[in-house]
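Asker: Take this structure first; my questions come after.
Laboratory data are not the source of any read-out in this text; all were calculated from the coordinates shown. All of these numbers come straight from a predicted model, not from anything done at the bench. When we count neighbours, we look across all protein chains shown, and the Cβ atoms used for this are built from the backbone with ideal geometry, even at glycine.
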Amino acid sequence: MSGRESTGVSEADAVSAGRLGARVRDLRRGRGLTLEELAERSGVSRAMISKLERGEKNPTLVVAAKLAEGFGVTLSQLVGMEERREVVVVPRDRRIVMRDPDTGFERQLLSPSFGGRGIEFIRNVIPEGSASGEFPPHRRGVEEYIVVEKGRLKSVIGGEEYLLEEGDAMYFEADVTHRFANAGDGECSYYLVIVSEGI
């Protein structure tokens, strides 16, 4: 198991290696944005973006999601791109894994992250007593589909609460704030499909 953890790409690894910060910097410069303009678009402070770009700060998943929205890309596209081929196998030990250092919320990308492809397949794991934090609204036309694999999931979609049991599924238009919390005993895991039109 330790071999798997050491070869996987975690959020901490990406930041410590400077890859995520470099990606944010490259995207920002490539789009001709100043730190101030990206801060205004994303709702993330200029100081935080500057620290991320220098690899000095670990972003939470919510901060990374806000930056992705500011750039108009998906979170997976912000974290890493893969070459597009007819068949792509994503081995378990090579998944892109983002783990929020504060909450333990873990996001495992199960699909390749193609630039220009508007579907993401994700497995999320929430430790007992924890939550995701509040994700910002996506652009109009982004839809999310969820099915609970294990445990109980409380979903707060645009201020409305929904309690999902193991095996329950839900769909929502994701242009509203949304957050997810573990509402049961033990770990909660769920699968998420994000469909983005026009990406």
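Asker: Could you give the nm distance between label points at residue 128 and residue 175, where each point is 7 Å from its Cα heading toward the beta carbon?
Answerer: Each label point is offset 7 Å from its Cα along the Cβ direction, giving 4.1 nm.
Asker: Starting from segment 98-196, pick out the trypsin sites (Lys or Arg not before Pro) whose DSSP state is loop and whose Cβ has at most 13 other Cβ atoms within 10 Å.
Answerer: In loop regions of segment 98-196 (DSSP not H, G, I, E or B), the sparsely surrounded trypsin sites (Lys or Arg not before Pro) are 139, 140.
Asker: Counting only Cα, what are the radius of gyration and maximum Cα-Cα distance Dmax of segment 105-199, in Å?
Answerer: 12.8, 39
Asker: May I ask you to derive the relative contact order of segment 118-196, considering only C-alpha pairs under 8 Å and at least 6 residues apart, and to give it as an integer percent?
Answerer: 50 percent
Asker: Fewest first, what order do 156, 89 take by the number of other Cβ atoms within 10 Å?
Answerer: Ordered by Cβ neighbours within 10 Å, fewest first: 89, 156.
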